[in-house]
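Worksheet for the structure shown next.
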Amino acid sequence: QFQKTLVLPGHEDWIRGVEWAICGEDLFLASCAQDCLIRIWKVCTKLKQLPETEDDSIKLKENVFTLKDGDTSYAVSLESVLAGHENWVYAVHWQPSFSKDGSMQQPMRILSASMDKTLIIWEPDKESGVWLEQASVRVGEVGGNTLGFFDCQFSPDGSMIIAHAFHGALHLWKQAAVNKKEWSPEVVISGHFNSVEDVKWDPEGEFIISVGSDQTTRLFAPWKRKEETEVTWHEIARPQVHGYDLRCLAMIGRFEFVSGADEKVLRVFRAPKNFIENFSNITGIPMEKLCSHSSDLPEGATVPALGLSNKAVFEGDMAVQPDEDEESFNTISNQYPEIYFQPLILTEPPPEDHLLQNTLWPEIQKLYGHGYEIFCVACNNSNTVIASACKASKKEHAAVILWSTTSWKKLQSLSFHNLTVTQLAFSPDDSFLLAVSRDRNWSLWRKQGSSESGPVFTCCAYTDKNTAVHSRIIWSCDWTPDSKYFITGSRDKKVIIWGQCDLSVITEGNELDSIKPCSTVLDAGDSVTAVGISHVLTPDGRYIIAVGLENGKISLYTWKQSGKEPALADWTTSVEIDNSQSHALAVKRLCWRHHAGRAGHNDENSSKWLQLASCGADHSVKIFNVNRFAL
């Protein structure tokens, strides 16, 4: 039974955090609130005293309460009020106690986190015992477009502090060994703070880029430290910090990508010089291998205060300071100063505040043409054509648009489906484009040769009411590396391989009948949201297929064509990745690294390993090492 014994008035706004500490005989309580203040209260046992004589001396007011059962009284007094934060204080924590000579010692140190973008470590002055901000340390962010910190913690020995901020990011600081007053930011893990919608490997397999509903595009790469053999993955750039939820992306060659968000335009980005230099430092890949013409590239990018487009920043731009004339003060753009890009030379993955403003990629093009929010995008393997589609509930909006990557002009509009096209895939030899749709059908388009403006595609096969096998939305599709077969995965839990797509068969004109299911129907056990076929086969020549489900599970299968008719033993279940390693919510995309080997490892047995990247609605991006000899 709880009994109300005492109320401690003092804070003037919502109290956001309270924490006890035991120090010898006394109890200390730290509390923080939205009135920007921290209060420290001291609780100590009060001995029974004789009735006091009238005393005129000034004393701190004590609140006394007695426990029901005994004679013990406790006095609660206000030890200190700490004023140093300029905004709501969200969290306050004591440094953890430690054991010394058989007894627990409580260090007199408090860590607080505030919406003013700072953390403060408070401790009492050595001589007077008064709590002062002067005796303390303040760390945090300067500038940037973040809100403040929500919570913080000391490491067990008090030499590190960690905090988490509004952008879903962790921030870590470490105390310098020599100068104890000096704290420096450390490398920390990071990731999306909402559903991750798409992930792609770069063509060389050195890094991955992911996009998510947290309105960011993030680039992760392996960090190769000079002396250590272990390779760890970190976010090394955030090319796009957008104002709309991002939905899809496609790589156009090595350092260029196109992304689509919940808006009608596609945006194309190209890596700046500063990124390529830092990427070279962090991954250990020499600059010459990465880029031949880096001198023409901009240094970085910056976002105008009231815009969404990343503008390129060139070397000459960074030195220019605007003249401080009287007239220029009143313009709108001066009331919202630009966040200036600062090129930094990195040798380790950057901290959050650097990611937010110094690692953007310049936007080089916008592609206008769709009537609704972009839903999927793909680029062919020779990086000449982009295909994209948007959300649609009518046939005229469901058309796939083809764009040239040289002129950025619209090449063609492919109209066939009645509802949203959910995924597009070019065949590895670029002769086909496959589309799958919410209308439960797929359509296959063949390259007819090229006009001056670019290749022309015509529909050469499709399913309709009578030939469709899937009875629900088809979420995902992919091609086998030899361009002979393609795979579809649907909400009806079915995975099917279709073929064969040899050009000879199709040119004879009996196209529509020649492409039919080549596999038995694989029942995946739950709604299939992602499929991916490895570019490398098993040693005995079977295709390796990853299937991601709505419940977060990822399974690996192998498949081989056997005879003319689909035979029952064509699918082999290789691995069901266990729940602890799979996703907790729907798998949104599966993407295999284009060739064997592990990124960041120059290992001898590279032919043994394949890498599979996956992303999911549980905010996570994962990379699996798959031993293809064991499948």
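Solvent-accessible surface of protein heavy atoms, probed at 1.4 angstrom with all chains present, puts CYS23, CYS501 in the order CYS23, CYS501, largest first.
Amide H to amide H, with H built 1.01 Å from N, LEU132 comes under 5 Å of GLU123, ASP125, counting only residues 5 or more places away or on other chains. Most tightly packed first, judged by the mean number of other beta-carbon atoms within 10 Å of their residues, the peptides 585-595, 441-451 read 585-595, 441-451. What is the percent carbon and sulfur in the accessible area of the stretch 365-474, measuring with a 1.4 Å probe over the protein chains and ignoring ligands? Carbon plus sulfur share of accessible area: 45 percent. In terms of overall dimensions, the stretch 99-207 has a Cα radius of gyration and Dmax of 18.1, 64 angstrom. Placing +1 on the Cβ of every Lys and Arg and -1 on the Cβ of every Asp and Glu, with nothing else charged, gives the stretch 404-536 a dipole about its Cα centre of roughly 460 debye.
Here the stretch 236-262 is scanned for amide nitrogen atoms under 20 Å from the site 7 Å beyond the Cα of TRP408 along Cα-to-Cβ, giving 239-244, 247-262. Calculation over all alpha carbon pairs of the stretch 349-404 in 5 angstrom steps from 0 returns a P(r) of 4, 15, 19, 15, 13, 12, 13, 6, 2, 1 percent.
The residues of the stretch 430-544 expose, per residue, 40 Å² of accessible area to a 1.4 Å probe.
In the chain, the longest principal axis of the Cα atoms and the axis of helix 273-283 are about 80 degrees apart.
Could you tell me the calculated FRET efficiency between ALA176 and ASN602, based on Cβ-Cβ distance and R0 = 60 angstrom, to the nearest 0.05? Efficiency computed from Cβ-Cβ geometry: 0.95. Give the calculated FRET efficiency between SER393 and ASN466 to the nearest 0.05, with a Förster radius of 22 Å applied to their Cβ-Cβ distance. After rounding to 0.05, the efficiency reads 0.40.
Centre-to-centre, using Cα atoms only, the stretch 253-273 and the stretch 224-242 are separated by 21 Å.
Using θ = phi - 60° in the Karplus curve 6.51 cos²θ - 1.76 cosθ + 1.60, the 3J(HN,Hα) couplings for the stretch 243-253 round to x, 10, 5, 7, 10, 7, 8, 9, 7, 10, x Hz; x is entered for Gly and Pro. Principal semi-axes of the equivalent ellipsoid, √(5λ) from the alpha carbon gyration tensor of the chain, are 57, 29, 23 Å from largest down. Of LYS391/LYS588; LYS391/LYS494; LYS493/LYS622; LYS311/LYS447; LYS264/LYS588; LYS391/LYS447, which sit over 27 Å apart, Cα to Cα? From the list (LYS391/LYS588; LYS391/LYS494; LYS493/LYS622; LYS311/LYS447; LYS264/LYS588; LYS391/LYS447), the Cα-Cα distance tops 27 Å for LYS311/LYS447.
Helical runs (DSSP H, four residues minimum) scored at -39500 (n - 2.57) apiece and divided by the length of the chain put the mean residue ellipticity at 222 nm at -1000 deg cm²/dmol.
The values are calculated or read from the model by the stated rules, or taken from the named source; none is laboratory data. Keep in mind it's a predicted model, so treat the numbers as computed, not measured. Cβ atoms come from the backbone with ideal geometry, glycine included; neighbour counts cover every protein chain shown. For the accessible areas, the whole protein counts, side chains as well, though only heavy atoms, and no ligand, DNA or RNA atoms are used. Shrake-Rupley method; radii C 1.70, N 1.55, O 1.52, S 1.80 Å.
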